[in-house]
Amino acid sequence: MTGIRLRVVDVVAETEDACSIVLAAADGSAVRYRPGQFLTFRVPAADGGAGESGSHLARCYSLSSSPHSDPDRLAVTVKRIPGGRGSSWMCDRLAVGDVVDALPPAGTFTPRDPDRDLLLVAAGSGITPVMSILLAALEIGTGRITLVYANRDEWSVIFARRLAELERRHPDRLVVLHWLESLHGTPGADMLAPRLAPYLDRETFVCGPGPFMGAVEKAVTTLGMPAERWHKEEFVSLTGDPFAAPDVPSGADEESGAVALEVELDGTTHALGWERSRTLLDVLLAAGVAAPYSCREGACSACACVVTEGEVEMESNEVLDDADLADGLVLSCQARPVGDRVRVSYDG
């Protein structure tokens, strides 16, 4: 998948330690994305180190903008982490006019139906993809939205003024429930349950620190929310280089005989040969097929597709659950073929 070049058109201070970077394609084209997706940035790192390739490292940041507001601009919101090279570079070094390299928008943390009633739950900078979903749902959807948003104190609430304005503009559709640890204490499952109980019939999207998402999951599971109604977004530190070119097959691979592969992507079917020692994603990228991906480590779901014929095996899987696997979902960055014919689809 070809990367994109983005120009910084604005930097907006949200809190003392968080800012929004507003971007536009450097070549003037539109960047298409879905609410709740993220970008993987190529961040300078002159000293090298784990997860870095020469002079750069990769960092993922969620989009906080809506694709329906301004198709020519998109924004990511970044909270500065002490000692974090990626967040410090984004917040302290980027300026209007700078050009950055990124992978195209990716991720599956996005509603399928904008008209459904939603329960959105966030803590801290986890509001970023949740804000993207909220804005898009208000703009093109008709459903009701409740946001439960936890923060340390009132000064650390990202988008505080914007959320208040949205609530005033949409009094019949949007309710924002703030949870401040300075007033309410640390949000545990037993404390969150009464806040979440009235909304168990809604599609639910959760993002925040691991312990917080664990507490939310325990609360809604105990209350009886079906697993298919629950979605969470979490990122891990990348140890590889997603910007690197795919591996070139060896002569032994070619001589061993390739598996017959058909791939449906964006309404087009691609027929390819799949060398058995290579991952599905590497095969597609080497053939010039613009398959989605981000981490290339089995730690996100950006590269997920559905096996509709044949069988594959995965080396690693940190994100797909038993229900996903039963539906035929696989991570293309980890998938290798079993048998002599495989058909997969990224559509639908």
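The values are calculated or read from the model by the stated rules, or taken from the named source; none is laboratory data. The structure presented is a predicted model; accordingly, all values stated were derived computationally and were not measured. Backbone-built Cβ (ideal geometry, glycine too); neighbour counts: all protein chains shown.
Quick check: is even one residue across the stretch 155-171 touching a Ser or Thr at 6+ places or on another chain (Cβ under 8 Å) and of a type in the set (Val, Ile, Thr)? Within the stretch 155-171 (the criterion being touching a Ser or Thr at 6+ places or on another chain (Cβ under 8 Å) and of a type in the set (Val, Ile, Thr)), the answer is yes, since at least one residue qualifies. Candidates THR186, THR142, THR221, THR146: the one that is surrounded by 14 or more Cβ atoms within 10 Å (Cβ to Cβ) and not acidic (Asp, Glu) is THR146.
Mind checking which residues of the stretch 63-97 are of a type in the set (D, E, K, R) and either surrounded by 14 or more Cβ atoms within 10 Å (Cβ to Cβ) or under 12 Å from ALA18 (Cα atoms) (or both)? Talk me through it step by step, then tell me what you get.
First, pick out the residues of the stretch 63-97 that are of a type in the set (D, E, K, R): 70, 72-73, 79-80, 85, 92-93.
Of everything in the stretch 63-97, those that are of a type in the set (D, E, K, R) and either surrounded by 14 or more Cβ atoms within 10 Å (Cβ to Cβ) or under 12 Å from ALA18 (Cα atoms) (or both) turn out to be ARG73, LYS79, ARG80, ARG85, ASP92.
Filtering SER277, SER332, SER316, SER294 for residues that are touching a residue at least 24 places away in the same chain (Cβ under 8 Å), small (Gly, Ala, Ser), over 24 Å from VAL31 (Cα atoms) and not assigned by TED's automatic domain parsing to the domain that holds PHE38 leaves a single hit, SER277.
Residue-level analysis places ARG343 outside the set of residues that are farther than 24 Å from PHE38 by Cα and in contact with a helix residue (DSSP H, G or I) (Cβ under 9 Å, 6 or more places away or on another chain). In the condition set (1) of a type in the set (A, V, I, L, M); (2) loosely packed, with under 15 Cβ neighbours inside 10 Å; (3) over 20 Å from GLU16 (Cβ atoms), ALA164 is compliant with all but (3). If the condition is being touching a strand residue (DSSP E or B) at 6+ places or on another chain (Cβ under 9 Å) and acidic (Asp, Glu), then the stretch 7-41 contributes ASP10, GLU14, ASP17, ASP27. The single condition from (1) touching a residue at least 24 places away in the same chain (Cβ under 8 Å); (2) under 30 Å from PRO194 (Cα atoms) that ARG112 fails is (1).
Output the number of residues of the stretch 283-320 satisfying the condition of being more than 19 Å from the chain's Cα centre (by Cα) and assigned to a strand (DSSP E or B). Full working, then the answer.
As a first pass, look at the stretch 283-320 and keep what is more than 19 Å from the chain's Cα centre (by Cα): 283-289, 307-315.
Then keep just the ones that are assigned to a strand (DSSP E or B); that gives 307-314.
Counting residues in the stretch 283-320 that are more than 19 Å from the chain's Cα centre (by Cα) and assigned to a strand (DSSP E or B) gives 8.
In the stretch 322-343, of all residues being farther than 23 Å from GLY107 by Cβ and among the charged types (D, E, K, R), the one that is surrounded by the most Cβ atoms within 10 Å (Cβ to Cβ) corresponds to ARG336. Figure legend. Inter-residue proximity from the stretch 93-105: first residues touching a residue at least 24 places away in the same chain (Cβ under 8 Å), second residues polar (S, T, N, Q) and surrounded by fewer than 17 Cβ atoms within 10 Å (Cβ to Cβ), beta-carbon distance below 8 Å, spacing 6+ or different chains. Indicated pairs: PRO104/THR2. Scanning the stretch 265-282 for residues that are acidic (Asp, Glu), part of a loop (DSSP other than H, G, I, E, B) and within 24 Å of the chain's Cα centre (by Cα) gives a single hit, ASP266. In the set (1) within 30 Å of PHE109 (Cα to Cα); (2) hydroxyl-bearing (Ser, Thr, Tyr); (3) at pLDDT 75 or above, SER277 fails one condition alone, (1). A single entry from ASP153, ASP172 fulfils the requirement of being touching a helix residue (DSSP H, G or I) at 6+ places or on another chain (Cβ under 9 Å) and not assigned by TED's automatic domain parsing to the domain that holds SER20: ASP153.
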